[in-house]
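Read through the structure below, which is laid out as structure tokens, and then see the notes.
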Amino acid sequence: MVLRNLKKSYNGRCVLELDELSLEKGKIYAVIGANGSGKSTLAKLAAGVLGHDGGRTEKPDLSIGYMPQKSFAFRMSLRKNMLINGDDAQRAQELLGALKLGHLSEAKAKRLSGGETARMALARLLMRDYELLVLDEPSSAMDIESTLLAERLIRDYRDRTGCAVLIVTHSINQAERIADEVLFLSEGRLIERGSPEKLIKHSENEITRRFIEFYSK
Amino acid sequence: METALHKAIELIFSGSALLEDIVWVTVRMSLASSLTALLIGVPFGVLFGSGSFPGKRILVVINRTLMGLPPVVCGLLCYLMFCGVGPLRHLELLYTVTGMVIAQIILITPIVIGMMEPFVSGIYPDIRETARGMGISRIKTLGLLINESRYQIFSTYLMALSRALAEVGAVSMVGGAIAYKTNVMTTAIMNFTNMGNFTTALALGIILLAGSLVINAAVSLMQGRAETWC
Ligand SMILES: Nc1ncnc2c1ncn2[C@@H]1O[C@H](COP(=O)(O)OP(=O)(O)OP(=O)(O)O)[C@@H](O)[C@H]1O
Ligand SMILES: [Mg+2]
């Protein structure tokens with residue numbers, strides 16, 4: 001699948017400029033980059049939740065699931081939050097269980113902690129089968145154990161549905177663990193993309209090397 | 001003063017037909033105007049808070065201006081519309097409860113919109129992004145937005161009701177405070193005071209205050225629930 005014309009500017013300042021992005025079904029892509037490098041903008045454009053300016057983003061006709069950087073809990077129980085995105089009650093319970101929220105299914109979602117809210121939001125999104133999954137820092141509020149559980153859940157989902165996954169992360173370790181390919185963004189541009197091994201360990205690009213070096217300190 | 005208070009309380013429990021009628025007209029008028037204002041105002045508040053269309057900012061500014069419309073000005077305008085030479089004279093609304101309800105709707109609807117709009121525009125971006133991210137239909141997203149606003153709608157309603165109960169300027173001009181017809185508590189308090197009948201005025205004042213107390217207790221309970229219960 002190819003997404004074309006991923007461009008966005010605010011008040012004349014271009015925050016993302018990408019002509020095209022090709023993704024393969026069944027693969028997991030990690031997007032890394034500094035604060036403000038345009039990762040969330042890329043995720044939103046890919047997911048189609050952001051108004052375009054000028055050049056409209058062209059997307060193949062796919063079902064896309066998107067998890068925003070800021071998770072939102074609806075004012076109802078966790079179980080009902082899950083059922084917003086589908087009606088399979090058993091699947092809802094399994095997904096909550098997979099992220100260790102099973103015992104909270106009747107609790108008020110607004111009362112969850114930050115990490116718990118993110119876990120619920122991920123589980124809620126996975127209620128439905130999408131062809132492209134876009135996750136904006138799904139585990140940035142989660143502890144290590146939950147992060148690993150979430151990664152396993154995402155991988156299982158990918159294996160079952162054969163979807164492509166675009167996952168924004170600040171963790172180089174996470175990118176190495178989960179991604180088939182890493183995309184490095186800087187100042188709204190795609191600097192480099194490649195296998196984790198190549199991009200993280202043996203990049204020939206000066207900007208990438210500096211970024212990775214800084215992060216692994 | 002003490003005996004006046006004593007007599008007023010006695011009067012409240014004496015089952016006076018005049019008092020009963022005044023309270024009944026007040027309740028009818030306030031419920032009709034606050035509920036209608038809510039039915040008109042909530043959709044507009046939601047639209048202003050969640051929609052984006054040309055002219056929205058201007059409409060919001062106009063609404064803020066209308067929120068500050070002095071009741072007597074509203075009363076005057078309605079009077080001019082409904083009176084013997086006014087354009088709406090054939091509707092025969094002057095000195096009727098319906099006419100008073102219309103005047104109050106004009107006063108209260110902007111307040112309902114003004115309480116809903118900032119609330120909705122505060123929560124809508126997150127809801128929209130989350131719902132769109134799941135691929136949920138617009139109509140279902142609207143349902144989620146309204147569900148998320150339920151406490152705000154309720155406390156807005158109570159606010160509208162207490163405004164309707166306490167308002168005097170517009171209803172006295174449009175209704176004319178006719179006994180057993182359009183006399184409500186606030187206008188009756190004014191009349192009885194002018195006549196020197198402080199006992200009845202005080203009795204009505206106490207009833208009005210008690211009503212307001214109940215409403216405000218409900219609002220505070222609601223806010224407590226919205227914060228802790230969620
Ligand atoms: N609504 C907006 N108005 C103006 N500028 C914006 C808006 N949204 C984003 N930006 C700018 O666009 C740039 C890219 O933002 P984006 O959210 O994509 O960054 P990011 O890579 O996701 O950063 P982070 O790691 O902090 O999440 C930032 O400089 C930001 O200030
Ligand atoms: Mg971001």
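The values are calculated or read from the model by the stated rules, or taken from the named source; none is laboratory data. Note that the structure is predicted; figures quoted are calculated from it, not measured. With ideal geometry, Cβ positions are generated from the backbone for all residues, glycine too; neighbour counts draw on all protein chains shown. Quick note on the areas: whole protein, heavy atoms, side chains included, nothing else; ligands and nucleic acids left out. Shrake-Rupley method; radii C 1.70, N 1.55, O 1.52, S 1.80 Å.
Annotations
- Residue check: B:Leu145 meets all listed conditions (1) in contact with a Leu (Cβ under 8 Å, 6 or more places away or on another chain); (2) touching a residue at least 12 places away in the same chain (Cβ under 8 Å); (3) surrounded by fewer than 21 Cβ atoms within 10 Å (Cβ to Cβ); (4) within 14 Å of chain A (Cβ to nearest Cβ) but one, namely (1).
- Subset of region A:25-48 (residues that are near ligand 1 (Cβ under 8 Å from one of its atoms) and either within 13 Å of another protein chain (Cβ to nearest Cβ) or closer than 20 Å to B:Glu129 by Cα (or both)): A:Gly36, A:Gly38, A:Lys39, A:Ser40, A:Thr41, A:Leu42, A:Ala43, A:Lys44
- Any pair with Cβ under 6 angstrom, 6 or more apart, that starts in region A:27-40 at a residue that is at positive phi and ends at one that is within 7 Å of ligand 1 (Cβ to nearest atom) and among the charged types (D, E, K, R): A:Gly33/A:Lys39
- Residues that are within 16 Å of ligand 2 (Cβ to nearest atom), within 16 Å of the chain's Cα centre (by Cα) and among the hydrophobic types (A, V, I, L, M, F, W, C), drawn from region A:3-58: A:Ala30, A:Val31, A:Ile32, A:Ala34, A:Leu42, A:Ala43, A:Leu45, A:Ala46, A:Ala47, A:Val49, A:Leu50
- Annotation note: of A:Leu83, A:Leu78, the sole residue that is open to solvent by less than 30 Å² (accessible area, probe 1.4 Å), of a type in the set (A, V, I, L, M, F, W, C) and over 20 Å from A:Glu137 (Cβ atoms) is A:Leu78.
- Tally, over region A:57-85, of residues that are over 30 Å from A:Leu16 (Cα atoms) and more than 9 Å from chain B (Cβ to nearest Cβ): 7
- Top-ranked residue of region B:119-142 - restricted to ones that are open to solvent by less than 30 Å² (accessible area, probe 1.4 Å) and assigned to a helix (DSSP H, G or I), ranked as farthest from the other protein chains (Cβ to nearest Cβ): B:Val120
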